[in-house]
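This report concerns only the one structure given below.
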Amino acid sequence: MNDLVMLALGTCVEAHEWQWRDGENPVPYACHPIEVMQNLRLIGGVTDQELLAAALLHDVLEETPVTLDDLRAAFPERVCELVREVTRREPTEEETAGMSKHEIWGLRTSILLDEIRVMSREAHLIKLADRLSNLREAKRTRSEKKMARYQLQTQWILELIPRDVCPSLMEAIEKELG
């Protein structure tokens, strides 16, 4: 690994310090972006160091106080733009006012799918590696009803991302879906 990936790893671990993943036996949150990077490298065959760095940082804007300006001070613009591109927009309180939990899930899913439709090929790679990690974890932590919704959402995502982006990641996700 080069210095850029090591810098991203350190930033990831520091940014997600004291955060934990869901579940009965949670692990430190940083394990997730590390798994995403590993999925990209080991399953996807990606060796591009900026892409691997962006995979390690993919959740820092969503889940931590780190800002895009903070990233720009330390990382190449391509890494920062990929992180920005894969960062989900959450609906505002005004958008969800009066909605049921199911309706909010529908709105969040709609926003996610709209974002994926316009992502670059490189962002699609990170999204696939992320979805594979999240799907594996969901199997351990989600109720049957929530898991069924997550699997459905995953199928919709796979329909939007061209298979030739990374057939090996697609196949790994399909295997997890059963």
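No lab work stands behind these numbers, since they all come straight from the coordinates. Remember, predicted model here, so these are calculated numbers, not experimental data.
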If you wrap a convex hull around the C-alpha atoms of the stretch 47-92 and split its volume per residue, what is the figure in Å³? 69
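Decide, for the stretch 42-178, between rounded, prolate and oblate: order the square roots of the alpha carbon gyration tensor eigenvalues as a ≥ b ≥ c, take rounded if a/c falls under 1.5, and otherwise choose prolate if a/b is larger than b/c, else oblate.
On the way: a/c = 1.88, a/b = 1.15, b/c = 1.63.
Oblate is the answer for the stretch 42-178, as a/c is 1.5 or above yet b/c matches or exceeds a/b.
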In degrees, nearest ten, helix 77-86 long axis to first principal axis of the chain (Cα): 10
Compute the length gained on full extension between residue 104 and residue 145: take 0.36 nm times their separation in residues and subtract their Cα-Cα distance, giving the result in nm to one decimal. 13.2 nm
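Tell me the mean residue ellipticity at 222 nm calculated for the chain from its helices only (DSSP H runs of n ≥ 4, each -39500 (n - 2.57), averaged over every residue, nearest 500). Show your work: numbers first, answer last.
Working: 11 runs with 121 residues, N = 178.
Mean residue ellipticity at 222 nm (helix-derived): -20500 deg cm²/dmol.
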Suppose the chain between residue 92 and residue 27 were pulled fully straight at 0.36 nm per residue; how much longer would it get relative to their current alpha carbon spacing? 20.5 nm
